[in-house]
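**Q** Here it is, the structure in full.
All of the numbers you see were taken from the coordinates with simple rules; none came from a lab. Everything numeric here is computed off the predicted structure, so don't read it as measured data. Reconstructed Cβ throughout: ideal geometry from the backbone, glycine too, with neighbour counts over all protein chains shown.
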Amino acid sequence: MTQLILALVAAFGLGLVAERLRLPPLLGFLAAGFVLKAAGMAEPVGIDLVSDVGVVLLLFGIGLKLDPKTLLRREIWITTGIHLVVTVAIVVGVLTAVAALGLGILSDEDVRTYALLGFAVSFSSTVLAVKMLEARSQTASVRPDDDRHPRRPGCRRRHLHHAHP
């Protein structure tokens, strides 16, 4: 139980440090896990439950901000597909090179494992990017000519043009 409390305190502390550095607290939480694991701390009992609840809350929070119409746009699917393929290719390439050199704990794994890790990194980086944009209040980005946002300069001109033909 004390290890679980230590892990949560470390995550909270490094989350605050990350926030002070104007980074998402999520980076601090991840750093705490890496630091504690590197320090040789065993996995605390109950950490699976705490991490599962954290992931569910994170995804729920992101899901509340999603607009289904936006998700169905072709450019979203193209960008997501390219991001996925490129990220998986980079991770597979790097891990294959590391394995060829005999370095790292994953040197005995096959390419399918590397691809799975690449997919996980791709998904994680997307969640991280959304959280970073959210922290900067840029998650509601739309096209400049979108009628729903007359505050955008492109919209204002068009609205003025329609108002005064």
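**Q** Kindly put 69, 37 in sequence by how many other C-beta atoms sit within 10 Å of each C-beta, fewest to most.
**A** Ascending number of Cβ neighbours within 10 Å: 69, 37.
**Q** With θ taken as phi - 60° and the coefficients 6.51, -1.76 and 1.60, list the Karplus ³J(HN,Hα) couplings across the range 107-124 in order, rounded to whole Hz; mark glycine and proline as x.
**A** Per residue, the Karplus-derived 3J(HN,Hα) values read 5, 8, 8, 9, 5, 4, 5, 4, 5, 5, 5, x, 5, 4, 5, 4, 5, 4 Hz.
**Q** Now for a separate question. If neighbour count is taken as other Cβ atoms inside 10 Å, put 29, 60, 12 in order from fewest to most.
**A** Numbers: 29 19, 60 9, 12 14.
Result, fewest neighbours first: 60, 12, 29.
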